[in-house]
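Asker: My structure is below; once you've seen it, I'll send some questions.
The values are calculated or read from the model by the stated rules, or taken from the named source; none is laboratory data. In this text the structure is predicted, and so the values were computed from the model without any measurement. Cβ: placed from backbone, ideal geometry, glycine included. Neighbour counts: every protein chain shown.
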Amino acid sequence: MSKKDDVSRREFISTGAKTTAAVAAASAVMGSTIPSQVLGANDRIRIAVSGIHGRGKSHIKNWAKIPGVEIAYLIDPDTNLFPSRVKMVEDLTGKKPKTVTDIRVALEDQNLDAISTACPDHWHALQEVWACQAGKHVYAEKPLSHGIWEGRKMVEAARRYNRVVQVGMQNRSIYGVRKAIEFLQSGELGEIYMAKGLCFKPRDTIGHELNTPVPEGLVWNLWLGPASWRPYNPQFVPYKWHWFWDFGCADLGNQGPHQMDIARWGLGKNKFPQKVKCVGGKFAFKDDQETPNTQMATMEWDDGKILQFEVRGLYTNNEDGIRIGNLFYGTKGWMHLNGDKWTTYFGRKDEPGPKYDGAGQVADPNNLAGSGGSAHFKNFIDAVRANDYKLLNADVLEGFKSTTLCHLANISYRVDSELEFDGNTERFIGNERANGLLRRHYRYPFVVPEVV
């Protein structure tokens, strides 16, 4: 491990002081924003991909498709990934990216325009805050944050430094899903009073693993980052960290943000629900997993409208043919939304209504419409070029609202209680145990600050 890879406490404080001073100077001249060149349509956007294992590979492929985007850095504490991912970028783009284990090194590059975070959940907030402070735009993978408090800080950072922050809820850019929401909001199904999100992903046991020495090439201190110190365990790297509360948010916070976002979008809810209750458990397996494999959450707004979310992590039937998707219920009928295809039914006889099966959509090579999640990446680049977050399909504030629903459900499950939530203060009413889960205990120097 080099000194550059694992920035020491003294080096970090020095770097942070320089960044803060630069930000303060910029703010004094420009108000509450960092000076930024408004990029022209033909200007190159240099981006860094942070977290290059599973989802990071998808980020690399999508950025490589977009003209004028250069993958300038690959960032990961696991150096074993670098040779294959560098080759991947070279094969796709013809250019060789730099590799670093510490995102702070890349953020020092004044020519870097943006970062793309595909790292574990517990790193999402701090990487976004640091990037905004350094004047970089951010494509932030879902879930936006690891907790509610730090999600709000991510919104504050994006706004304070006038950065474009897109959340990886790509359904917001998918044509069929957008048409479904348009239909729901048209009133043709009547008043939409209930939405349901489904996450049926049967998973096997993760078994038991003993702590072992850190593998050669992995900078364990940087992988842990904001999380509490603990010995290395093979369960954590590269994927099973999802099932440990220090790092992940269970499947309700893994797959859930996509369908939770669609459900909230279809209900037209921009405020938080007043009540939440989530029950469930980990059934069938006795292993190292901390998070549940079965959850049922119900959220209620002050007008009585309801959002239900269900996770089935064992063996299950589908619900109306859906494993991952949404159902909407209106006073005149209901909608089945599976991927980007949907059907509607009306009245007591379930008479077929308008539907969308993917037919008739024209792909536009200029905006990647019709190419699923690829359009979401292109939408981010368009907003970065214009330096205008209002052009985003999934701005950080929208991502915060939907991700918070996942956290509300998980907190209710963890304290085994129905909770009342005050959306103005973003705290629970009368339950300090639940309030204690709004914010994690950060490990110095990997701390999301009070004032971002």
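Asker: Taking the options Glu290, Glu300, Glu319, name whichever one is within 15 Å of Asn410 (Cα to Cα), assigned by TED's automatic domain parsing to the domain that holds Ile206, of a type in the set (Asp, Glu) and modelled with pLDDT of 95 or more.
Answerer: Only one candidate passes the filter, namely Glu290.
Asker: Determine whether Phe328 is modelled with pLDDT of 95 or more and either surrounded by fewer than 15 Cβ atoms within 10 Å (Cβ to Cβ) or at positive phi (or both).
Answerer: Against the criterion (modelled with pLDDT of 95 or more and either surrounded by fewer than 15 Cβ atoms within 10 Å (Cβ to Cβ) or at positive phi (or both)), Phe328 does not qualify.
Asker: Could you check, for the stretch 15-37, whether at least one of its residues is of a type outside the set (Val, Ile, Thr) and modelled with pLDDT of 50 or more?
Answerer: So far as the stretch 15-37 goes, no, none of its residues is of a type outside the set (Val, Ile, Thr) and modelled with pLDDT of 50 or more.
Asker: Given the conditions (1) closer than 20 Å to Cys406 by Cβ; (2) out of contact with any Asp or Glu (no Cβ under 7 Å at 6 or more places or on another chain); (3) of a type in the set (Val, Ile, Thr), and given that Thr343 satisfies all but one, which numbered condition is not satisfied?
Answerer: Tallying (1) closer than 20 Å to Cys406 by Cβ; (2) out of contact with any Asp or Glu (no Cβ under 7 Å at 6 or more places or on another chain); (3) of a type in the set (Val, Ile, Thr), Thr343 fails exactly one: (1).
Asker: Look through the stretch 97-154, keep the residues that are among the β-branched types (Val, Ile, Thr) and under 13 Å from the mean Cα position of the chain (by Cα), and return whichever of them is surrounded by the most Cβ atoms within 10 Å (Cβ to Cβ).
Answerer: Restricting to residues being among the β-branched types (Val, Ile, Thr) and under 13 Å from the mean Cα position of the chain (by Cα), the top hit is Val138.
Asker: Please count how many residues of the stretch 45-57 are basic (Lys, Arg) and at pLDDT below 95.
Answerer: The total comes to 1.
Asker: Consider Ala195 carefully, then state whether it is buried (at least 24 other Cβ atoms within 10 Å of the Cβ) and either outside any helix (DSSP H, G or I) or in the same structural domain as Gly268 (by TED's automatic domain parsing) (or both).
Answerer: When the stated conditions are applied, Ala195 passes them.
Asker: Still on this structure, please answer the following. Provide a single number: the residues in the stretch 299-328 that are under 26 Å from the mean Cα position of the chain (by Cα), part of a loop (DSSP other than H, G, I, E, B) and farther than 19 Å from Phe272 by Cα.
Answerer: 4
Asker: Now for a separate question. Any residue at all in the stretch 187-195 that's out of contact with any Lys or Arg (no Cβ under 7 Å at 6 or more places or on another chain) and hydroxyl-bearing (Ser, Thr, Tyr)?
Answerer: No.
Asker: Enumerate the pairs (first residue in the stretch 296-308 and under 20 Å from Pro257 (Cβ atoms); second residue anywhere and surrounded by fewer than 17 Cβ atoms within 10 Å (Cβ to Cβ) and small (Gly, Ala, Ser)) with beta-carbon separation below 8 Å, excluding pairs fewer than 6 apart on the same chain, so at least 6 apart or on different chains.
Answerer: No pair meets every condition.
Asker: Here is a list: Pro213, Pro234. Which entry is free of Cβ contacts under 8 Å to residues at least 60 places away in the same chain, within 26 Å of Thr99 (Cα to Cα) and either in a strand (DSSP E or B) or in contact with an Asp or Glu (Cβ under 7 Å, 6 or more places away or on another chain) (or both)?
Answerer: Pro234
Asker: Out of (1) out of contact with any helix residue (DSSP H, G or I) (no Cβ under 7 Å at 6 or more places or on another chain); (2) touching a residue at least 12 places away in the same chain (Cβ under 8 Å), the odd one out for Gly436 is which?
Answerer: Status for Gly436: all satisfied but (2).
Asker: For Leu391, are the conditions met, namely being at pLDDT 95 or above and of a type outside the set (D, E, K, R)?
Answerer: Yes, satisfied.
Asker: Working only within the stretch 411-452, note down all residues that are hydrophobic (A, V, I, L, M, F, W, C) and in a helix (DSSP H, G or I).
Answerer: Ile411, Val415, Ala434, listed by residue number.
Yes or no, residue by residue, for (1) more than 25 Å from Val237 (Cα to Cα); (2) of a type in the set (Phe, Trp, Tyr); (3) out of contact with any helix residue (DSSP H, G or I) (no Cβ under 6 Å at 6 or more places or on another chain):
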site	(1), (2), (3)
Val86	no, no, yes
Glu90	yes, no, yes
Ala140	no, no, no
Pro143	no, no, no
Trp149	yes, yes, yes
Lys153	yes, no, yes
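Asker: Let me ask you something else. Looking only at residues in the stretch 71-90 that are acidic (Asp, Glu) and crowded, with 17+ Cβ neighbours inside 10 Å, which one is farthest from Ile45 (Cα to Cα)?
Answerer: Here the answer is Asp78.
Asker: Moving to a separate point now. Sort out which residues of the stretch 383-398 are part of a helix (DSSP H, G or I), within 14 Å of the chain's Cα centre (by Cα) and not β-branched (Val, Ile, Thr), and write them in order of number.
Answerer: Result: Leu397, Glu398.
Asker: I would also like to ask the following. Could you tell me whether any residue of the stretch 242-257 is assigned by TED's automatic domain parsing to the domain that holds Glu182, farther than 29 Å from Thr99 by Cβ, of a type in the set (A, V, I, L, M, F, W, C) and not in a helix (DSSP H, G or I)?
Answerer: For the stretch 242-257, residues assigned by TED's automatic domain parsing to the domain that holds Glu182, farther than 29 Å from Thr99 by Cβ, of a type in the set (A, V, I, L, M, F, W, C) and not in a helix (DSSP H, G or I): present.
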